[in-house]
Every structure is written in C-alpha cells, then in structure tokens.
Amino acid sequence: MSDPTPQERLAALRSSIDNIDAALVHMLAERFRCTQEVGRLKADHDMPPSDPSREARQIERLRSLAEDAHLDPEFAEKWFNFVVAEVIRHHQHIASER
Ligand SMILES: O=C(O)C(=O)C[C@]1(C(=O)O)C=C[C@@H](O)C=C1
C-alpha cells in the first residue's frame, strides 16, 4: 500500500483533533457541573466564593503535571486561571441570588 498523501495525513490528524476537542468540552462541562454544586454549597453555608490557598495548591500540582507531560506550565497555569475566574463568577452569581 502506498504512503498516505499529505492531505490524508492532515485529515487523519484533524480527525484526532476533533475527538480531543470533543473530550475537552465534555470534561469541562463535567467540571462546571461539580463547581456549580460547590457554588451552591458555599452560598448555603456563607463560605467565600474564592479560596486562594486551594488555588495555589492546584496551580503547583498542575504545573508539575504539565512539566511531566511536556506541556508549557505557564500555559497550564493560564488555562487554570481562565477557568477558575469563570467559576468564581458563577459562585458570586449563585450567592447573589440567595
Ligand atoms: O474548591 C473550591 O473551593 C472551588 O470553589 C472550586 C475552585 C475550582 O474551580 O477549582 C474555584 C474557586 C476557588 O478559588 C478554588 C477552586
């Protein structure tokens, strides 16, 4: 059998990228389902929306995981901060409705 053409290689890689993007969306949705519950728990028990010491531990762990996985730790930290900012916004919204 002949080698795949560049177009075929591109199509195969794009197919994997589409699968990975779908998995990321599902994992993010699951994460937000959990954090929405955390938001309700915090609002019901007068706990503050953010927990900087927990975030610092999460960042340290994620940076180490990123290094092991050959992913830029700066990028991992930026991604985490982006997601957590949205979570805190959700927590504040839930608390404001109580
Ligand atoms: O663990 C919590 O207390 C959360 O509210 C969840 C979470 C997160 O998304 O991981 C979000 C905000 C906090 O500052 C820390 C962590």
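The values are calculated or read from the model by the stated rules, or taken from the named source; none is laboratory data. Given the structure is predicted, the values throughout are model-derived calculations rather than measurements. What goes into the accessible areas is simple: the full protein's heavy atoms, side chains included, and nothing from ligands, DNA or RNA. Shrake-Rupley method; radii C 1.70, N 1.55, O 1.52, S 1.80 Å.
Once ligands and nucleic acids are excluded and a 1.4 Å probe is used, how much of residue 18 is accessible, expressed in Å² to the nearest 10?
About 100 Å², rounded to the nearest 10.
Accessible area per residue for the chain in Å², computed with a 1.4 Å probe and the full protein assembly in place, what is it?
81 Å²
Could you please put 75, 32, 82 in sequence from largest to smallest accessible area, using a 1.4 Å probe?
In descending accessible area the options line up as 82, 75, 32.
Enter the angle in degrees (range 0 to 90, nearest 10) between the Cα long axis of helix 6-44 and the first principal axis of the Cα atoms of the chain, meaning the one along which they spread out most.
Relative to the chain, helix 6-44 is tipped by roughly 10 degrees.
In what order, largest first, do 84, 25, 38 sit by accessible area if the probe radius is 1.4 Å?
Sorted descending by solvent-accessible area, the residues read 25, 38, 84.
I'd like the accessible area for residue 46, computed on protein heavy atoms only with a 1.4 Å probe and all protein chains in place. Round to 10 Å², please.
Result for residue 46: roughly 140 Å² accessible.
Roughly what angle does helix 52-68 make with the longest principal axis of the chain, taking Cα atoms, 0 to 90 degrees, to the nearest 10?
Roughly 10 degrees, rounded to the nearest 10.
Roughly speaking, to the nearest percent, how much of the chain's 1.4 Å accessible area is carbon and sulfur?
Reported share for carbon and sulfur atoms: 58 percent.
Based on the Kirkwood radius over alpha-carbon pairs, what value in µm²/s does the Stokes-Einstein equation return for the translational diffusion coefficient of region 3-98 at 25 °C and 0.890 mPa s?
155 µm²/s
So what's the angle, to the nearest 10 degrees on a 0 to 90 scale, between helix 73-96 and the longest Cα principal axis of the chain?
With both axes taken from Cα atoms, the answer is about 40 degrees.
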